[in-house]
Amino acid sequence: MLSIFVEASCNRYVRDECRYCHVYAPLSSHIKSNWHMTPEIAETMVEKIRFIEPLNRLAKQEINLTGGEASQNPYIVEIYEVFKTISNNVRLHTNLDINSEKSKRWERLVGITKLKGRIDITLYPTVWESKQKPLLRKIIELQNGLIVNLIYESLGDLLKQINILKFFFKDQNEKKFIPVLGLLDRFNDRLKKIIEGNSECCESDFLDGMGDLENYVSCPGGFIFAVNAIPSFYVNPDGIRDMTSLPFPKDIYKVECTAIRGVIEIMTILQTGEMTPCCDVGNLKCKPKFGNLLADSPEVILKKFGESQKLMTLGASKNIENMKNGRAGEWVDEGIPPFCI
Ligand code: SF4
């Protein structure tokens, strides 16, 4: 998968539109060009991707347009069309924290579904009733599938979020969603049992308790539903992620990096063109660079892939040694986060 940032994580917008940069008309003279991808930038990226085989392969599997908040980008529909020229599977991830159907952000999402793009969401319980729920109802009418990310701080929090989804699909009162309800019921039952045993269990007990539960189902008519439960992390004021997650604070979260094993399964591309073979570009602060899709030639990028992979392999082996020798948490010279192996 290519995960492409079409927006910086600026957090400066107020729900429906940007207020502090060029998208907001009164401030248009203060252009922050590298905060928002333009269709021209998307075209340059697409032309390069065609010539870089590992990226071309990932693009064909799936392109996920994200950010920052992807629906905030005023050109997102055009950008979607540009990326569609290299992949049949382009989707957009949104927080769906949108005021109403009159919002331009909502109109952009509808525009993408009309072009057969899929919209996926992260559930935010604080804005669920007022913002997300009414619009999600519309989204499942506009498209034939949905992935929901659930970011949870405790097992109780995860259970609440599963129940929010359960009641939502129950409310739709549609036969085609029976498999979705079945999946959410199974999720609910196993999770409840774990919580009754020990609500502050370690991650391996949680995984054992969830067992072989699949996270997706197909419904009659072809609707595909998937739910991803993602533990949240504490991030310190310098923006560095704590290596224990909030729901499982007693366990060090080791990151098994596929790039270290020589397999690139995901590449995150920032709107500036910078690339990292990982979905966590921000808080892990991985140093090896995989080139800049906008600035570097395909040859330079491929060379950097090879060099950085070697560096990561070396750094990861030092990380493993450090963990064995009571030096867990120390940064190695190669710039690989201490628990990436
Ligand atoms: S080493 Fe860690 S931070 Fe770097 S790309 Fe791999 S998983 Fe991401």
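The values are calculated or read from the model by the stated rules, or taken from the named source; none is laboratory data. It should be emphasised that the depicted structure is a prediction, and the values quoted were computed from it without experimental measurement. Reconstructed Cβ throughout: ideal geometry from the backbone, glycine too, with neighbour counts over all protein chains shown.
Here are some notes:
- Selection from region 199-221 of residues that are on the phi > 0 side of the Ramachandran plot and either at pLDDT below 95 or under 22 Å from the mean Cα position of the chain (by Cα) (or both): G221
- The residue that is nearest to the ligand (Cβ to nearest atom), among those in region 298-316 that are touching a residue at least 24 places away in the same chain (Cβ under 8 Å) and farther than 15 Å from P337 by Cβ, is Q309.
- Checking each residue in region 248-263 for being within 9 Å of the ligand (Cβ to nearest atom) and either farther than 27 Å from M323 by Cβ or hydroxyl-bearing (S, T, Y) (or both) picks out only T258.
- Residue match in region 322-334 (condition: farther than 21 Å from T244 by Cβ and either near the ligand (Cβ under 9 Å from one of its atoms) or surrounded by 15 or more Cβ atoms within 10 Å (Cβ to Cβ) (or both)): yes
- Residues of region 194-239 that are among the small types (G, A, S), out of contact with any strand residue (DSSP E or B) (no Cβ under 7 Å at 6 or more places or on another chain), over 26 Å from N89 (Cα atoms) and part of a loop (DSSP other than H, G, I, E, B): S199, G211, G239.
- Residue match in region 114-124 (condition: more than 30 Å from T244 (Cα to Cα) and in a helix (DSSP H, G or I)): yes
- Within region 291-309, the residues that satisfy the criterion of being surrounded by 13 or more Cβ atoms within 10 Å (Cβ to Cβ) and closer than 18 Å to G262 by Cβ are G291, I301, L302, K303, K304, F305, E307, S308, Q309.
- Qualifying residue in region 173-187 (condition: among the small types (G, A, S) and surrounded by 14 or more Cβ atoms within 10 Å (Cβ to Cβ)): no
- Scanning region 264-297 for residues that are within 11 Å of the ligand (Cβ to nearest atom), farther than 24 Å from T244 by Cα and β-branched (V, I, T) yields a single hit, I264.
- Residue match in region 39-56 (condition: in a loop (DSSP other than H, G, I, E, B) and in contact with a Leu (Cβ under 7 Å, 6 or more places away or on another chain)): yes
- Among (1) closer than 23 Å to A59 by Cα; (2) modelled with pLDDT of 90 or more - the single one T272 does not satisfy: (2)
- Total residues in region 202-240, condition exposed (fewer than 12 other Cβ atoms within 10 Å of the Cβ), closer than 24 Å to L155 by Cβ and touching a helix residue (DSSP H, G or I) at 6+ places or on another chain (Cβ under 8 Å): 2
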